[in-house]
Amino acid sequence: MRKLLITLGVLVLCGVAILAAWIFGGHQVSMFIDRFGTIKIASAPVHSVSYEGSGTGGWLTVNDVHLSLNDIHPKIALSIGSTKDDEFAVARGGKVFALGALTSTGENGGDHLAVVPQTGDEAFLVTRRSALSWPTPFDFNFMTGHSPSWKRHMYYELRWKKPSGATLDMLWRYEQPFYGQQLVPGDGWGSGFSVQQGTTGLIRVEIKE
């Protein structure tokens, strides 16, 4: 009997430890698991890409999805602009990927550039989410009193391949909060573009020429 009670006590302590780790370290655990796989939500062909900014920073709009270039991994030195041949180009680490000819002189100028995929291009915006969400019992909005009870990561990946074999891969990570429906009717998973300093924003850019 004593042995059984000790075993049950150990199991309870282990359960408490796991629960505490999930509550206090769920964010890091979720990111670790995401390295091995995430859940695909959608894959949409790219119809248009536009850029608003001064060459570094700003916003990249893929179809109707606005992706920030202001929140970026510090090791990523990225620049966007036009080439001498009037092509929309992304450059990093001495490599340049030209998406295609600027759509029109009327749209492109100053701090605004726009392009559409060229014939033969394979361009997709892939949306994924974390396999593991984490509880947020200590998040509280003192202004509204309406705080998320769960969070998960959302990933937006721009994949672009040219007939020549050149590829561009850009990956953004954001947080998505969950608001319990018992608080406000119609609530649930909120916007998948919440920012958390140091862990969200553009986290990967790969160019293969």
Discussion item. Let me spell it out: the conditions are (1) at pLDDT 90 or above; (2) assigned to a loop (DSSP other than H, G, I, E, B), and residue 74 meets all of them except one. Which number is the exception?
Written reply: (1)
Discussion item. Please determine whether any residue of the range 107-123 is exposed (fewer than 15 other Cβ atoms within 10 Å of the Cβ), assigned to a strand (DSSP E or B), in contact with a strand residue (DSSP E or B) (Cβ under 9 Å, 6 or more places away or on another chain) and at pLDDT 95 or above.
Written reply: yes
Item to complete: Please determine, by comparing only the residues of the range 39-59 that are touching a residue at least 24 places away in the same chain (Cβ under 8 Å) and under 18 Å from residue 194 (Cα atoms), which one is surrounded by the most Cβ atoms within 10 Å (Cβ to Cβ).
Response: 58
Item to complete: Please find, within the range 167-186, the residue that is farthest from the chain's Cα centre (by Cα) out of those that are modelled with pLDDT of 55 or more and not in a strand (DSSP E or B).
Response: 180
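With respect to residue 137, determine if the residue is at pLDDT 90 or above and either part of a strand (DSSP E or B) or more than 17 Å from residue 193 (Cα to Cα) (or both). Outline the logic, then answer.
On the way: at pLDDT 90 or above: no; either part of a strand (DSSP E or B) or more than 17 Å from residue 193 (Cα to Cα) (or both): yes.
For residue 137, the condition - at pLDDT 90 or above and either part of a strand (DSSP E or B) or more than 17 Å from residue 193 (Cα to Cα) (or both) - is not met.
The values are calculated or read from the model by the stated rules, or taken from the named source; none is laboratory data. Here the structure is a predicted model, which means the values were calculated and not measured. We place every Cβ from the backbone using ideal geometry, glycine too, and count neighbours over all the protein chains shown.
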